[in-house]
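**Student:** Dumping the structure here so I can ask a few things about it.
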Amino acid sequence: MGNAVPIAEGLFTWPAAKPALLASRCQNCGIASFPAAQSCMACSGQDVVIEELPGRGTLWTWTVQQFMPKTPYRSNETPETFKPYGVGYLELPNGVRVEGRLTENDPQKLHIGMAMDVVFKTFRTEDNGDEVINFFFQPVA
Amino acid sequence: MDVAIVGIGIHPFGRTPARTGLQQGAYAARLALQDAGIEWRDIEFAFGGSASSGSADALVNELGLTGIPFINVANGCATGGSSLISAFNAIKSGEYDIGMVSGFDKHDRGAFSADPKDLGIGAWYGEVGMMLTTQFFAMKIQKYMHDYNITNDTLVRVSEKAFINGSKNPNAWRREPISAEQIATSMMVNDPLTKFMFCSPSEGGVALVLCRADHATRYTDTPVYLKAATMKSRRFGSFEVFAPSQALVQVDGPTVDAAKAAFEMAGVGPQDMDVMQLQDTEVGAEIMHMAENGFCEHGEQEALIKAGATYIGGTMPVNTDGGCLANGEPIGASGLRQVYENVLQLRGQAGDHQVPGNLQLAYTHVYGAPGISAVTILQK
C-alpha cells in the first residue's frame with residue numbers, strides 16, 4: 001500500500017480530516033475561482049484569498065463519457081476495462097460551479113438540480129503503489 | 001474602403017489519402033485564383049491557418065515565392081474566420097488592394113485531443129478525462145434542453161437535415177442521407193449526443209480572393225461584398241469549453257457578442273438574412289446557435305425545426321452545404337467553407353443545394369475553443 005497523494009497540489013486540502021476544494025476569492029469584486037488562481041478573471045484584481053468551498057451543491061448540467069479518451073487521459077484502465085463515467089458541473093452555494101467527475105454513470109439516475117456531495121477517492125494507482133486522489137461528485141444518499 | 005470577395009476555391013472535404021493538407025490548400029488556392037482570373041503573383045498579401053498540416057505560409061512553396069507578407073493565423077475552430085477578419089481589415093485600412101485567405105487541414109481519425117497546458121489548465125484536468133470538447137457540447141445542450149424544452153427528436157432532425165444537405169453537395173464528405181432511426185440509435189458518445197450527431201475531424205482546403213470593392217468588377221461579374229466580419233472572445237461568466245469552473249452568474253457568450261457586432265457593422269438584422277451557416281460541431285450547437293445569433297428566441301427551435309424551417313427551401317435555411325456534420329471539420333478550413341458556400345448561394349451557383357429565390361444577404365458563424373466566435377455577413 002503506497003501513499004495517498006493528491007492528483008494536483010492546491011486543488012483541495014490534503015491530507016485533511018475533512019478535505020475540501022480550494023478556491024481563490026477576489027478581495028476586490030468577491031468572485032470565487034476554481035482552481036485557485038493568482039488573479040481574478042472577472043476584474044483582473046490580484047488581491048485574492050484562498051478559501052474552502054462548500055462540500056455539497058446541486059448538479060447544474062451533466063453528461064456521460066461513453067468512450068475511453070485518448071491521452072492526456074491517464075487512468076489505470078485499458079479499452080477492455082474502461083467504464084463510462086459521468087462528468088458535470090456542481091453549483092456550490094456562494095462559490096462557483098465546479099466541473100468534476102461523477103461517481104454515478106447511469107443517465108437514468110442523473111438529473112439537473114439533484115443534490116451532490118464532493119467526495120475524495122482514489123482515481124488511479126501509480127507503479128510505485130501511490131494512490132492518486134481526485135475529487136468526485138456523488139449523489140446525496 | 002469596402003471589401004469584396006472575387007474568387008473562391010475549395011478542395012473537397014473528407015478523406016483524400018493522395019494529397020497532404022498543404023496540397024489540398026494549394027489546390028483550393030489555384031481554383032480561387034482561377035475564379036478571380038488572376039495569377040498568384042497578383043496577390044499582395046495572405047492570411048492563412050492550419051492546425052495539423054504545418055504552417056499555412058508553406059503554401060508559397062507550392063504557389064511560388066513572390067515575397068508577399070503571408071501571416072499564419074491560429075485560433076482553434078475560428079481560425080478561418082480570424083484569417084478572414086485580418087484580410088478584411090488589411091484591405092479596409094487601404095494598405096492593400098487584393099489578397100488571399102487560405103485554410104486547410106488534414107486530421108487523424110477520432111476525436112480531437114487537446115493539451116490542457118496549451119490553455120493554461122493543470123495537467124490533472126486532462127488526466128481525469130475532462131479535456132474533451134464533446135463533453136462540453138453535450139453538457140451545454142443537456143442544460144439547454146432542460147431549460148427550453150428541446151426534445152431528443154429535434155436533435156435527430158438537425159442531424160437528418162445535415163446529411164440530406166450533404167448528399168446534395170459534391171464537395172461534402174458524407175454524401176448519403178442517414179435515417180432518423182440510425183441517428184437516434186447510433187452509439188451514444190456523450191449523453192444526449194450520439195455518434196451521428198457529432199461532426200468528425202476531416203480534411204479539406206478553402207481559399208478566397210478578396211479585393212477593394214471598387215476594383216471588384218475587374219475580376220468578376222458576380223462580386224459578393226463582405227459587409228461585416230467580427231470576432232469576439234468570451235467574457236467573464238459565459239459557459240465555455242475547457243472550463244474547470246464557471247461563474248454562478250451567466251452572461252451571453254462570444255457568439256451573441258460577435259453576432260450583435262456584425263449586425264451593427266452591416267446595418268442589417270437577423271430577419272434580413274436569406275441563408276445562414278452556423279457552427280454545428282454537433283446538433284446541439286446548431287440549435288443553440290440559431291438563438292444565440294438572433295435568428296429566433298430560445299426555445300422556438302423546437303417548433304421551427306419540426307416545421308422544416310431550417311431546410312433548403314425553408315424560411316431560414318441553415319447549413320445548406322451539410323455543415324460540419326456532413327463535411328467534417330478540418331479546423332483551418334472550416335470557417336472558410338461556410339463563406340465559400342455563401343458566395344455560391346449569393347451567386348446562384350450552389351446547384352442542388354441552392355436556396356431558391358433572389359438571395360441578397362448571407363450569414364456565417366463559427367465557434368471555437370476556448371470560447372471564441374467569428375461572424376461574417378455577405379451581400380450580393
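**Student:** So which of A:Ala23, A:Ala16, A:Ala36, A:Ala42 is under 19 Å from B:Glu240 (Cβ atoms) and more than 7 Å from chain B (Cβ to nearest Cβ)?
**Tutor:** Answer to the selection: A:Ala23.
**Student:** Examine the range B:147-168 for a residue that is within 20 Å of B:Val101 (Cβ to Cβ), modelled with pLDDT of 95 or more, away from every other protein chain (no Cβ under 14 Å) and in contact with a Lys or Arg (Cβ under 7 Å, 6 or more places away or on another chain), and state whether such a residue exists.
**Tutor:** Step one: of the range B:147-168, the residues within 20 Å of B:Val101 (Cβ to Cβ) are none.
Scanning the range B:147-168, I find no residue that is within 20 Å of B:Val101 (Cβ to Cβ), modelled with pLDDT of 95 or more, away from every other protein chain (no Cβ under 14 Å) and in contact with a Lys or Arg (Cβ under 7 Å, 6 or more places away or on another chain), so the answer is no.
**Student:** Let me ask another. How many of the residues in the range B:132-145 are at pLDDT 95 or above, crowded, with 23+ Cβ neighbours inside 10 Å and within 7 Å of chain A (Cβ to nearest Cβ)?
**Tutor:** The number of residues fulfilling the criteria is 4.
**Student:** Looking at B:Glu176, B:Glu127, B:Glu160, can you tell me which residue is under 26 Å from B:Ala291 (Cα atoms) and either without any contact (Cβ under 8 Å) to a residue 12 or more places away in the chain or in contact with a helix residue (DSSP H, G or I) (Cβ under 9 Å, 6 or more places away or on another chain) (or both)?
**Tutor:** Values: B:Glu176 fails: under 26 Å from B:Ala291 (Cα atoms); B:Glu127 fails: under 26 Å from B:Ala291 (Cα atoms).
Testing whether each residue is under 26 Å from B:Ala291 (Cα atoms) and either without any contact (Cβ under 8 Å) to a residue 12 or more places away in the chain or in contact with a helix residue (DSSP H, G or I) (Cβ under 9 Å, 6 or more places away or on another chain) (or both) leaves just B:Glu160.
**Student:** Find all pairs meeting these conditions: Cβ atoms under 7 angstrom apart; at least six residues apart or on different chains; first residue within the range A:119-141 and without any contact (Cβ under 8 Å) to a residue 40 or more places away in the chain and under 20 Å from A:Trp60 (Cβ atoms); second residue in a strand (DSSP E or B) and among the aliphatic types (A, V, I, L, M).
**Tutor:** A:Phe136/A:Leu102; A:Phe136/A:Val119; A:Gln138/A:Met116; A:Gln138/A:Val119; A:Pro139/A:Met116
**Student:** List every residue pair whose Cβ atoms lie under 6 Å apart, where the two residues are 6 or more positions apart in sequence or sit on different chains, the first residue falls within the range B:311-331 and is among the charged types (D, E, K, R), and the second residue, located anywhere, is outside any helix (DSSP H, G or I).
**Tutor:** Final answer for the pair search is B:Asp321/B:Asn169; B:Glu329/B:Cys199; B:Glu329/B:Pro201.
**Student:** Being closer than 22 Å to B:Ala213 by Cβ and free of Cβ contacts under 8 Å to residues at least 40 places away in the same chain is the filter here, so list the residues in the range B:41-70 that pass it.
**Tutor:** Our first condition is that a residue be closer than 22 Å to B:Ala213 by Cβ; within the range B:41-70, this holds for B:42-47, B:68-69.
Selection gives B:Ile68, B:Pro69.
**Student:** Does at least one position in the range B:211-222 carry a residue that is among the basic types (Lys, Arg) and in contact with an Asp or Glu (Cβ under 6 Å, 6 or more places away or on another chain)?
**Tutor:** yes
**Student:** List the strands (runs of 3 or more DSSP E) inside the range B:184-265, counting only whole elements, that have at least 2 residues being crowded, with 19+ Cβ neighbours inside 10 Å and either without any contact (Cβ under 8 Å) to a residue 12 or more places away in the chain or more than 14 Å from chain A (Cβ to nearest Cβ) (or both).
**Tutor:** Values: elements: B:188-190, B:203-212, B:224-233.
It comes to B:203-212, B:224-233.
**Student:** Restricting attention to the range B:78-87, does a residue exist that is within 14 Å of another protein chain (Cβ to nearest Cβ), under 20 Å from B:Glu292 (Cα atoms) and surrounded by 23 or more Cβ atoms within 10 Å (Cβ to Cβ)?
**Tutor:** Scanning the range B:78-87, I find no residue that is within 14 Å of another protein chain (Cβ to nearest Cβ), under 20 Å from B:Glu292 (Cα atoms) and surrounded by 23 or more Cβ atoms within 10 Å (Cβ to Cβ), so the answer is no.
**Student:** Could you please find all residues in the range A:115-136 being within 12 Å of chain B (Cβ to nearest Cβ), in contact with a Phe, Trp or Tyr (Cβ under 9 Å, 6 or more places away or on another chain) and surrounded by 15 or more Cβ atoms within 10 Å (Cβ to Cβ)?
**Tutor:** A:Phe123, A:Val132, A:Ile133, A:Asn134, A:Phe135, A:Phe136
**Student:** Name the residue, out of A:Thr71, A:Thr78, A:Thr58, that is exposed (fewer than 13 other Cβ atoms within 10 Å of the Cβ), more than 7 Å from every other protein chain (Cβ to nearest Cβ) and β-branched (Val, Ile, Thr).
**Tutor:** A:Thr78
**Student:** A further question on this structure: Would you please name the residue that is nearest to the other protein chains (Cβ to nearest Cβ), looking only at residues in the range A:84-95 that are farther than 14 Å from B:Ala138 by Cα and under 12 Å from the mean Cα position of the chain (by Cα)?
**Tutor:** In this case the residue turns out to be A:Glu91.
The rows are residues; the columns are (1) closer than 30 Å to A:Gly129 by Cα; (2) of a type in the set (Gly, Ala, Ser); (3) within 15 Å of the chain's Cα centre (by Cα); (4) at pLDDT 95 or above.
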{"position": "A:Phe12", "(1), (2), (3), (4)": "yes, no, yes, yes"}
{"position": "A:Leu22", "(1), (2), (3), (4)": "yes, no, yes, yes"}
{"position": "A:Gln38", "(1), (2), (3), (4)": "no, no, no, no"}
{"position": "A:Val49", "(1), (2), (3), (4)": "no, no, no, yes"}
{"position": "A:Gly55", "(1), (2), (3), (4)": "yes, yes, yes, yes"}
{"position": "A:Leu59", "(1), (2), (3), (4)": "no, no, yes, yes"}
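The values are calculated or read from the model by the stated rules, or taken from the named source; none is laboratory data. Predicted model only: the values in this text are computed from it and were never measured. So basically every Cβ, Gly included, is an ideal-geometry build from the backbone, and we count neighbours across all protein chains shown.
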